[in-house]
Amino acid sequence: MKENMEKEKLEILFSKARLQGYQSMQEHFENLKLIGRISPKLCVLEICIRNIINHILIERLGINWIENEYEAEYRGKNFSNHQLVSRQRLGFWHKMIDKYKLYNHIFSFPKSFDFKKYYWQNTDRFYRNGKKRFLRDSHKAEVVLNWIHTMRNRAFHAENLLKTHIITRDDKNIIAPRIVTFVEIHNYELRFGIMPDRIEIFLDDCLDLINEDLKDLL
């Protein structure tokens, strides 16, 4: 009876519909623990990314660039550059990276960087004119930024980061990630996924891609 009452209370507090999205009650709380561990890293990455972009665009366009950017929120409120920067959503900075082609300015990728580290079916190559070519750093940055954006939104809305699903390939069932992104290269779409048990490793790698000393601050 006590166990049933405990379950009933939990379903009221966390909603039965939400809990049904997990394999077990334990997975729900393991997900919250994961979010607790990665939230500081996501915050640091978001802060660093927006300040890197702001620094570059101040040099290119002047201190008032964000006030003149029609995509920016809170324009015309007599805010300083710093105040406007801190009020923009991550989606805004993602748009600025794409608009001003800043993919090569955020991360420093070592030659050893390999997306297979996060899911074995990822690739670092694509075909063009019948030849294999390696991903450019701009392609890698696009994947990394898309993943960060997805994780940030899901984590800060307490969504399930531990979810996977089963796909069938060559008559075999394969466990596949739910966190995926697509990059289009010369009209060819490449898919990249990251498994739940690789999320923390990935975020640590992202911090290193910006500055190897960042992890020591957390």
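No lab work stands behind these numbers, since they all come straight from the coordinates. All values derive from a computational prediction rather than experimental measurement. Using ideal geometry, Cβ is built from the backbone for each residue, glycine included, and neighbour counts are taken over all protein chains shown.
Using per-residue counts of other Cβ atoms within 10 Å, averaged over each peptide, order 170-182, 41-53, 138-150 from highest down. Walk me through the numbers before you get to the answer.
Values: 170-182: 13.0, 41-53: 18.2, 138-150: 20.2.
Packing proxy ranking, top to bottom: 138-150, 41-53, 170-182.
Amide H neighbours of Gln121 under 5 Å, at least 5 residues apart or on other chains, H built in the peptide plane: list them.
Distant-sequence amide H within range of Gln121: zero hits.
Any chance you could run the full-extension gain for Asn129 through Arg191? It's 0.36 nm times the residue separation minus the Cα-Cα distance, nm to one decimal.
Full extension of this stretch gives 20.4 nm more.
If I model a spin label at Leu10 and Ser86 as a point 7 Å from the Cα along the Cα→Cβ vector, what separation in nanometres do I get?
Going by the 7 Å Cα→Cβ label model, 3.9 nm.
Round to the nearest 0.05 the FRET efficiency obtained for His157 and Arg60 when R0 = 35 Å and r is the Cβ-Cβ distance.
The pair His157/Arg60 has a calculated efficiency of 0.55.
Suppose only helical runs count, i.e. DSSP H with n ≥ 4. What mean residue ellipticity at 222 nm does that imply for the chain under -39500 (n - 2.57) per run, divided by all residues and rounded to the nearest 500 deg cm²/dmol?
-15500 deg cm²/dmol
Here are labelled values, [x] 46, 37, 34; [y] 67, 54, 34; [z] 55, 42, 35, and one is the computed Cα extents along the principal axes in Å for what I pasted. Which one?
Only one option fits the structure, namely [y].
Taking segment 69-132, which GluC sites (Glu not before Pro) meet the DSSP loop condition and have no more than 13 other C-beta atoms within 10 Å?
Details: sites: Glu69, Glu71, Glu73; in loops: Glu69, Glu71, Glu73.
Loop-located and lightly packed - Glu71, Glu73.
Amide H neighbours of Ile185 under 5 Å, at least 5 residues apart or on other chains, H built in the peptide plane: list them.
Leu190
On full extension of the chain, what length is gained from Asp204 through Phe79, given 0.36 nm per residue of separation minus the C-alpha to C-alpha distance? Mind dumping the intermediate values first?
Details: separation 125, 0.36 × 125 = 45.00 nm, distance 3.35 nm.
Extending this stretch completely gives an extra 41.6 nm.
Return the FRET efficiency for the residue pair Ile174, Cys43: r is the Cβ-Cβ distance, R0 is 30 Å, and the value is rounded to the nearest 0.05.
0.35
With θ set to phi - 60°, apply the Karplus curve 6.51 cos²θ - 1.76 cosθ + 1.60 along segment 172-179 and write out the HN-Hα couplings as whole Hz, x wherever there is a Gly or Pro.
10, 7, 10, 6, 10, x, 8, 8
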